[in-house]
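Below is one structure, written out as structure tokens; the observations come after it.
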Amino acid sequence: MTDHRLYSRWSAGSRVDLEVEGSPDRNGVGAIRVFHAGIVRAREEITAFDPPNRMTYRALSMPLPVRNYRAEMVLASDETGNGCTLHWESWFEATIPLTAGMSRRIMSSSVSKMAAGIAEEAQSRTRSA
């Protein structure tokens, strides 16, 4: 979930580029990811990075009427120690009245697709190991 190169597999965007490398890992704190979907772009900055357990980020720009978008992704081990759960929380403020619900539905759909892709990738890697 912390490697920007894999996001193009899971997101609606056709490409995800690393505009600025982070530290100490290139996908780490300070990294700026750019999601491309046709002519639409969204830019995110990584604000906390503890791979593979936790990552937080904030939107620098996105094609929705929102501001102060930020999110946290946390992997938590299950009770058996044989699996984990991805907790992905997002927060934002609507910039246009009455658009929060629409923005929430669009982001929820996108996050659900990416989370499913992350889960499939993890299962594939487990089978290969």
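The values are calculated or read from the model by the stated rules, or taken from the named source; none is laboratory data. This structure is a prediction, so every number in the text was calculated from the model and none was measured. Don't worry about glycine lacking a Cβ; one is built from the backbone with ideal geometry, like all the others, and counts go over all protein chains shown. Each accessible area value is taken on the protein alone, full model and side chains, heavy atoms only, with ligands, DNA and RNA left out. Shrake-Rupley method; radii C 1.70, N 1.55, O 1.52, S 1.80 Å.
Key figures for this structure:
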item	result
For the chain: accessible area per residue (Å², 1.4 Å)	61 Å²
For the range 50-57, 3J(HN,Hα) per residue [Karplus equation, 6.51 cos²θ - 1.76 cosθ + 1.60, θ = phi - 60°, Hz, x = Gly/Pro]	9, x, x, 8, 8, 8, 10, 8
Positive-pole candidate from MET1, GLY117, THR56, dipole of the chain, charges at beta carbon	GLY117
Nearest-0.05 FRET efficiency for ILE96 and LEU6, computed from C-beta distance (R0 41 Å)	0.80
Volume in Å³ per residue [convex hull over Cα atoms, computed for the range 1-75]	81 Å³
Assigned charges on the beta-carbon of Lys, Arg, Asp, Glu; the range 25-94 dipole about Cα centre (debye)	460 debye
Inter-probe distance in nm under a simple model that places probes 7 Å from Cα toward Cβ, at CYS84 and ALA115	1.5 nm
The chain: calculated mean residue ellipticity at 222 nm from DSSP helix runs of at least 4, using -39500 (n - 2.57)	-8500 deg cm²/dmol
Nonlocal amide H pairs with VAL20, under 5 Å, H built at 1.01 Å	ILE32
Inter-part distance where the range 1-69 and the range 101-128 are each reduced to a Cα centre, Å	14 Å
Nearest-0.05 FRET efficiency for VAL20 and VAL40, computed from C-beta distance (R0 25 Å)	0.80
Lys/Arg +1, Asp/Glu -1 at C-beta; the range 35-97 dipole; positive extreme among HIS36, THR80, ILE46	HIS36
Neighbour net charge for SER124 - beta-carbon separation under 15 angstrom, K R +1, D E -1	0
Dipole in debye (nearest 20) - the chain, about Cα centre, beta carbon charges: Lys, Arg +1; Asp, Glu -1	460 debye
